[in-house]
Amino acid sequence: MGSRASTLLREEEIEEIKKETGFSHSQITRLYSRFTSLDKGENGTLSREDFQRIPELAINPLGDRIINAFFPEGEDQVNFRGFMRTLAHFRPIEDNEKNKDPTASEPLNSRTNKLLFAFRLYDLDRDDKISRDELLQVLRMMVGVNISDEQLGSIADRTIQEADQNGDNSISFNEFIKVLEKVDVEQKMSIRFLH
Amino acid sequence: MGLFFDPFDNLLCILLGISFTVWFTLLLVFIIVPAIFGVSFGIRRLYMKSLLKIFEWATLRIERGIRRSGSNRDLDSASEFEMSDIFYFARRGVESIMDDEVTKRFSAEELESWNLLTRSNYNFHYISLRLTVLWGLGVLIRYGFLLPLRYLHYLQNQSSILLFYPPACRMKNFLSEKVHLMCYRICVRALTAIITYHDRENKPKNGGICVANHTSPIDVIILASDGCYAMVGQIHGGLMGVIQRSMVKACPHIWFERSEVKDRHLVAKRLSDHVEDKSKLPILIFPEGTCINNTSVMMFKKGSFEIGSTVYPVAIKYDPRFGDAFWNSSKFGMVNYLLRMMSSWAIVCSVWYLPPMCREEGEDAVQFANRVKAAIARQGGLVDLLWDGGLKRGKVKDTFKEEQQKLYSKMLVGTQEDRSRS
C-alpha cells in the first residue's frame with residue numbers, strides 16, 4: 001500500500017535508528033513524515049529529483065553537492081535509514097555525550113564526522129584529497145559568474161598554500177582538520193530541531 | 001406464505017410514504033426556503049459549536065503524551081573566504097531538506113488538534129479505546145449520514161437548475177441573478193459550509209476586479225453565494241467543462257482555450273473589454289494561479305493588476321479543524337475531492353471583503369500586486385510569501401540561485417579588495 005498512514009515505522013526500526021543516529025523518538029517520527037512527504041513516488045526511497053523539488057535547496061549554490069552526500073557511491077535511491085544517517089551529522093552535540101565511553105564507536109554527529117561531511121562536499125571524485133581543481137570547481141559553484149577565473153585561482157592557491165603541509169598540492173582530511181581546528185564546527189554544523 | 005407478506009408490504013408502504021413526506025417537508029423548510037430568501041436558522045452554527053467541544057476533548061487525550069520544547073536557530077554569517085564557508089551552505093541546505101517554507105504549502109496543513117479524520121492525522125496509531133470508538137462513530141456519522149444527506153441536497157440542486165432555467169426575456173438578468181444566488185446557496189448547504197462574511201459594505205461592484213486567495217474550487221461557490229461574478233478561467237473537460245458551459249448560458253463569463261492563455265495580450269484585452277462595460281458583473285480572479293493550502297499567500301501573477309481598474313481584494317480563510325478544504329490536484333481528482341469535502345464534518349470559513357484598491361502613481365503592476373497580496377495576507381492571518389505558486393509543478397528559476405551566488409561573491413570580493421589595500 002502506498003498511503004502515508006500505512007507505511008508507518010515499526011518500533012524496532014525506530015529503536016535501531018535511535019541507536020545509530022541518536023535522534024529521539026519524536027524527532028524520528030517527524031523526520032519520517034517529512035521523508036514520506038518528499039517521496040512523491042511513494043516507493044519508500046528518495047531520488048535526486050525528490051530533493052531538487054525543494055525550492056530552497058534548488059537555489060542553494062551547493063545544492064547538488066549536498067544532495068549527492070545522501071547517495072552512496074553509484075546509487076540513485078536513498079532509503080529512510082540512509083536519509084537519517086546523513087541527517088545525523090547535523091545533530092547538535094549534547095554535553096552528556098562528550099564524556100561517553102571512548103571504546104564505543106564514534107557517533108555520527110561527532111566533530112570529526114561533521115568535518116568529514118564537509119570534506120566530502122569539496123572532494124568531488126571521492127579520492128580523499130581536495131585537489132586544486134576540485135577546490136576551484138566548488139568555489140565556482142559558490143560564486144557563480146561574479147568573480148573572474150584569475151581571482152578565483154588566486155583564492156584557491158592561497159587556501160591550498162595555507163592548508164597543505166606535505167607539499168602534494170592538495171588537502172588531505174587530516175590537513176583539513178588542522179586548518180579548521182579553531183573553528184566552532186559543533187555550532188556551525190548543527191541544526192536545532194523544533195520538537 | 002403470501003398471507004404473511006401482505007400486511008408487511010402495507011406497513012412498509014405506509015412507512016416509506018411517511019418518511020418521504022417528512023423528509024421532503026424538512027428539506028423544504030430547512031434548505032430551500034432559507035436558500036431562496038437568504039436567511040438562516042442557525043442550526044449549522046449550533047452543530048459547529050458542539051463539534052468544537054468534542055474536538056477539544058479529543059485533543060487533550062492526545063496531548064498527554066506529547067512533549068513540546070522550544071527551538072532556536074542559529075544563523076550564520078560568513079565574512080571571509082575560508083574552507084569553513086562551506087558550512088554555511090551545507091547547513092542551509094540540510095535545514096531546507098528537513099523543513100522548508102514552500103513544499104509544505106502544497107500539501108494539507110498539519111493540525112495541532114485532531115479532528116477525528118484520519119486523513120488529517122499522519123501519525124495515526126492506536127492511542128486509547130475511547131478515542132478509537134469516537135473515531136469509529138465519526139466515520140459512521142460522516143459516511144453513513146452526512147455524506148448521503150449532502151449528496152441528496154446536491155441532486156436537489158441539479159434538479160432546481162433545470163426547473164428554473166430562465167427563458168430569454170427582459171427580466172433575464174434579474175431572474176438569472178436570483179436563480180444563481182439560490183443555486184449557490186443550496187450548494188453551500190449541501191457542503192454544510194458555515195461562512196462568515198465580514199465588511200460586506202466593501203463588496204465588489206460592477207466594472208471592478210475581485211481578487212482572492214485560492215485554496216480550492218469551493219472558493220468560487222463561497223464567493224458566488226454572496227454576489228454575482230463573472231468567472232475567468234481555462235476551459236476544462238469533464239465535469240468542470242459541463243458546469244462551465246451551462247454557466248455561460250446564464251451570464252457572461254470569460255473562458256479561455258488553453259492555447260489562448262499563453263497569449264497574455266489577448267487575455268488582457270478580453271479582461272479590459274469586460275471591465276470597461278459597467279453593466280457587466282465584476283470579474284473574479286485568483287492571481288496565485290493554483291490552489292495553495294490556506295496557510296500562506298503566494299506570488300500574485302501581475303496580469304490582472306495591469307488592467308487598471310479598481311481591485312476589490314477578498315481574503316478567504318478556512319478553519320482547518322472541521323475539514324481540510326485544500327484541493328491537492330496532483331493527488332486527488334475533482335470527484336475524489338468532492339467526496340472528501342462532502343464527508344468532512346463541515347466547511348467553516350471566514351470571508352473578508354477588503355476596501356477597494358487602485359494602482360497608485362509610480363507604482364508598477366508587480367508592486368501593486370504585492371501590496372494587494374500583503375493586505376489579503378494580513379487580514380486572513382496568512383503567511384505572505386514571495387515564492388511562486390507555480391513551484392507546485394515547475395522548477396524554481398535559476399535567477400534565484402544566481403542571486404545567492406552574487407551575494408556570496410560580494411562578500412568575497414569585498415575582502416579581496418581589503419587585502420590588496422593592506
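The values are calculated or read from the model by the stated rules, or taken from the named source; none is laboratory data. Treat the numbers as computed from the prediction; the structure is a model and nothing was measured. Virtual Cβ from ideal backbone geometry, glycine too; neighbours counted across all protein chains shown. Surface accessibility is based on the protein's heavy atoms, side chains included, excluding ligands, DNA and RNA. Shrake-Rupley method; radii C 1.70, N 1.55, O 1.52, S 1.80 Å.
For the list (1) touching a residue at least 60 places away in the same chain (Cβ under 8 Å); (2) away from every other protein chain (no Cβ under 14 Å); (3) touching a helix residue (DSSP H, G or I) at 6+ places or on another chain (Cβ under 9 Å), I need the number of the one condition that B:Phe30 fails.
So the condition that B:Phe30 fails would be (1).
When you check B:Ser309 against the structure, is it of a type in the set (S, T, N, Q) and out of contact with any Lys or Arg (no Cβ under 6 Å at 6 or more places or on another chain), yes or no? Break it down stepwise before answering.
Working: of a type in the set (S, T, N, Q): yes; out of contact with any Lys or Arg (no Cβ under 6 Å at 6 or more places or on another chain): yes.
Here the answer is yes, as B:Ser309 does meet what is asked.
Take the residues in region A:158-185 that are open to solvent by 60 Å² or more (accessible area, probe 1.4 Å) and not in a loop (DSSP other than H, G, I, E, B), then tell me which one is nearest to the other protein chains (Cβ to nearest Cβ). Talk me through it step by step, then tell me what you get.
Initially, region A:158-185 is screened for residues open to solvent by 60 Å² or more (accessible area, probe 1.4 Å), giving A:161-162, A:165-169, A:174, A:178-179, A:181-182, A:184.
This time we only want the ones that are not in a loop (DSSP other than H, G, I, E, B), so: A:161-162, A:174, A:178-179.
Values: A:Gln161: 13, A:Glu162: 9, A:Asn174: 13, A:Lys178: 11, A:Val179: 6 Å.
That would be A:Val179.
Out of A:Leu57, A:Leu115, A:Leu87, which single residue is without any contact (Cβ under 8 Å) to a residue 40 or more places away in the chain and within 13 Å of another protein chain (Cβ to nearest Cβ)? Break it down stepwise before answering.
Working: A:Leu115 fails: without any contact (Cβ under 8 Å) to a residue 40 or more places away in the chain; A:Leu87 fails: without any contact (Cβ under 8 Å) to a residue 40 or more places away in the chain.
Only one candidate passes the filter, namely A:Leu57.
Taking the conditions exactly as written (assigned to a loop (DSSP other than H, G, I, E, B), under 16 Å from the mean Cα position of the chain (by Cα), within 30 Å of B:Leu149 (Cα to Cα) and within 14 Å of chain A (Cβ to nearest Cβ)), does B:Phe332 satisfy them or not?
Details: assigned to a loop (DSSP other than H, G, I, E, B): yes; under 16 Å from the mean Cα position of the chain (by Cα): yes; within 30 Å of B:Leu149 (Cα to Cα): yes; within 14 Å of chain A (Cβ to nearest Cβ): yes.
Yes, satisfied.
In this structure, does B:Glu56 turn out to be loosely packed, with under 15 Cβ neighbours inside 10 Å, at pLDDT 75 or above and touching a Ser or Thr at 6+ places or on another chain (Cβ under 8 Å)? Break it down into steps so the answer makes sense when it comes.
Numbers: loosely packed, with under 15 Cβ neighbours inside 10 Å: yes; at pLDDT 75 or above: yes; touching a Ser or Thr at 6+ places or on another chain (Cβ under 8 Å): yes.
So B:Glu56 fits the description; yes.
Residue by residue through region A:141-157, note down the ones that are more than 10 Å from chain B (Cβ to nearest Cβ) and open to solvent by less than 10 Å² (accessible area, probe 1.4 Å).
Of everything in region A:141-157, just one residue is more than 10 Å from chain B (Cβ to nearest Cβ) and open to solvent by less than 10 Å² (accessible area, probe 1.4 Å), namely A:Gly153.
Do we have any residue at all in region B:347-369 that's in a strand (DSSP E or B) and open to solvent by 60 Å² or more (accessible area, probe 1.4 Å)? Can you show your working first?
Of all residues in region B:347-369, those in a strand (DSSP E or B) come to B:347-353, B:357.
Now restrict to residues that are open to solvent by 60 Å² or more (accessible area, probe 1.4 Å): none.
No, region B:347-369 has no match at all.
Looking at B:Tyr143 and the list (1) open to solvent by 50 Å² or more (accessible area, probe 1.4 Å); (2) under 26 Å from B:Lys280 (Cβ atoms); (3) modelled with pLDDT of 70 or more; (4) among the hydroxyl-bearing types (Ser, Thr, Tyr), which single condition is not satisfied?
Unmet condition: (2).
Just need a number here: residues in region A:124-140 that are surrounded by 13 or more Cβ atoms within 10 Å (Cβ to Cβ), more than 17 Å from the chain's Cα centre (by Cα) and part of a helix (DSSP H, G or I).
Going through region A:124-140 one residue at a time, the tally reaches 7.
Is one or more of the residues making up region B:381-392 in a helix (DSSP H, G or I), more than 14 Å from every other protein chain (Cβ to nearest Cβ) and in contact with a strand residue (DSSP E or B) (Cβ under 8 Å, 6 or more places away or on another chain)?
Kept after step one, since they are in a helix (DSSP H, G or I), are these residues of region B:381-392: B:389-392.
Next, from what is left, pick out any that are more than 14 Å from every other protein chain (Cβ to nearest Cβ): none.
No, because not a single residue in region B:381-392 is in a helix (DSSP H, G or I), more than 14 Å from every other protein chain (Cβ to nearest Cβ) and in contact with a strand residue (DSSP E or B) (Cβ under 8 Å, 6 or more places away or on another chain).
Say whether the condition of being assigned to a loop (DSSP other than H, G, I, E, B) and either within 14 Å of another protein chain (Cβ to nearest Cβ) or out of contact with any Asp or Glu (no Cβ under 6 Å at 6 or more places or on another chain) (or both) is met by at least one residue in region B:397-412.
Going residue by residue through region B:397-412, those that are assigned to a loop (DSSP other than H, G, I, E, B) are B:397.
Next, from what is left, pick out any that are either within 14 Å of another protein chain (Cβ to nearest Cβ) or out of contact with any Asp or Glu (no Cβ under 6 Å at 6 or more places or on another chain) (or both): B:397.
Yes, region B:397-412 contains at least one residue that is assigned to a loop (DSSP other than H, G, I, E, B) and either within 14 Å of another protein chain (Cβ to nearest Cβ) or out of contact with any Asp or Glu (no Cβ under 6 Å at 6 or more places or on another chain) (or both).
Got a sec? Which of B:Thr118, B:Thr103 is within 14 Å of another protein chain (Cβ to nearest Cβ), at pLDDT 75 or above and closer than 30 Å to B:Gly390 by Cα? Explain how you work it out, then say what you get.
Values: B:Thr118 fails: at pLDDT 75 or above.
Only one candidate passes the filter, namely B:Thr103.
If you check B:Leu3 against the conditions, is it loosely packed, with under 10 Cβ neighbours inside 10 Å, more than 30 Å from B:Arg185 (Cα to Cα) and at pLDDT below 80? Give the derivation first.
Working: loosely packed, with under 10 Cβ neighbours inside 10 Å: yes; more than 30 Å from B:Arg185 (Cα to Cα): yes; at pLDDT below 80: yes.
Yes, satisfied.
When only residues in region B:401-422 that are open to solvent by less than 100 Å² (accessible area, probe 1.4 Å) and modelled with pLDDT of 80 or more count, which is nearest to B:Ile86 (Cα to Cα)?
Step one: filter region B:401-422 for residues open to solvent by less than 100 Å² (accessible area, probe 1.4 Å), giving B:401-402, B:404-405, B:408-409, B:411-418, B:420.
Restricting the remaining residues to those that are modelled with pLDDT of 80 or more gives B:401-402, B:404-405, B:408-409.
Values: B:Lys401: 16, B:Glu402: 17, B:Gln404: 14, B:Gln405: 13, B:Tyr408: 11, B:Ser409: 13 Å.
That would be B:Tyr408.
When you scan region A:37-71, how many residues do you find that are assigned to a helix (DSSP H, G or I) and in contact with a helix residue (DSSP H, G or I) (Cβ under 9 Å, 6 or more places away or on another chain)? Give the steps one after another, and end with the answer.
Step one: list which residues in region A:37-71 are assigned to a helix (DSSP H, G or I), which gives A:37-38, A:48-52, A:55-58, A:63-70.
With the extra rule that they be in contact with a helix residue (DSSP H, G or I) (Cβ under 9 Å, 6 or more places away or on another chain), the set shrinks to A:37-38, A:48, A:50-52, A:55-58, A:63-70.
The qualifying residues number 18.
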